[in-house]
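What follows is a short report on a single structure.
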Amino acid sequence: MENMIINHWAVLASAIFNLVLGAIWYSPALFYNGWKKANNLTDEDIKKSNLIKTYGISFLLAYLMSYNLAFFLGDANTDWQWGLTAGFLTGFGWAAAIFTAIALFEQKSWKYIFINGGYITIYFTVIGFILGIWR
C-alpha cells in the first residue's frame, strides 16, 4: 500500500465528468426522448422532480464511484492505458452487466438497457482514463 497514488483532483474531475456526460448523453440531441419513452415519463413528470436532490445525490455517488476506481488504479505503475482498460472492464464487465441483469428481471426494454448501459460503460471508461493519465 505504500506505492498507492490517489490524485484527489482527478477524482473530483471524474465525479464532475459524471454530470457533464449525463447532461450530454441524456440531452434531446442524443438519448433524451428514447430514455423518456423507455421509462414511460413525460416532460411534466421530469419537471416535478427535485433537481437539487437528484443532482446532489448523483454527484455524491459519482464521487464515491470515482474514489473507488481510484483505489483500484492506485498502483504506482498505473498509466492511461491500464486506466482506460480497467475503466472499460469496470463499466461493461461489472456495472453494465449487473444493470442489464436487473433490468431484464424488471422487464425493461433493450432500448432502455442499451441507453443506460452505454452511459455506464462510457462513464467508467473515461474516468479510468482520467485516473490513469492524471497521476
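The computed percent of Cα pairs over 23 Å apart for the structure shown corresponds, within (i) 38; (ii) 29; (iii) 33, to (i). Rounded to the nearest 10 degrees, the angle from helix 110-133 to the longest Cα principal axis of the chain is 20 degrees.
Once the Cα-Cα distance is subtracted from the 0.36 nm per residue extended length, the Trp82 to Leu41 segment shows a gain of 10.9 nm. Take the Cα of Lys111, go 7 Å toward its beta carbon, and the backbone nitrogen atoms of the stretch 8-35 under 20 Å from that spot belong to 24-35. Relative contact order, whole percent, for the stretch 12-66 stands at 66, derived from Cα pairs under 8 Å and 6 or more residues apart. The string of couplings for the stretch 92-99 from the Karplus curve (6.51, -1.76, 1.60, θ = phi - 60°) is 7, x, 10, 5, 5, 5, 6, 4 Hz, one whole number per residue in order, with x for Gly and Pro. Counting only lysines at least 8 places from Lys36 when in the same chain, those with an alpha carbon closer than 19 Å to its own are Lys47, Lys48, Lys108, Lys111.
Sequence-ordered 3J(HN,Hα) estimates for the stretch 6-22 from the Karplus curve with 6.51, -1.76 and 1.60 and θ = phi - 60° stand at 10, 8, 5, 5, 5, 5, 4, 4, 5, 5, 5, 4, 4, 6, 5, 4, x Hz, glycine and proline given as x.
If you plug the beta carbon distance of Trp94 and Leu60 into 1/(1 + (r/R0)^6) with R0 = 22 Å, you get a FRET efficiency near 0.65. From the alpha carbon centroid of the stretch 77-135 to that of the stretch 1-34 is 11 Å.
Using θ = phi - 60° in the Karplus curve 6.51 cos²θ - 1.76 cosθ + 1.60, the 3J(HN,Hα) couplings for the stretch 102-107 round to 5, 4, 5, 5, 7, 6 Hz; x is entered for Gly and Pro.
Any read-out appearing in this document is the output of simple, stated calculations on the displayed coordinates, not a laboratory observation. Note that this is a predicted model, so its numbers are computed, not measured. Here Cβ is always computed from backbone atoms with ideal geometry, including for glycine, and neighbour counts include all displayed protein chains.
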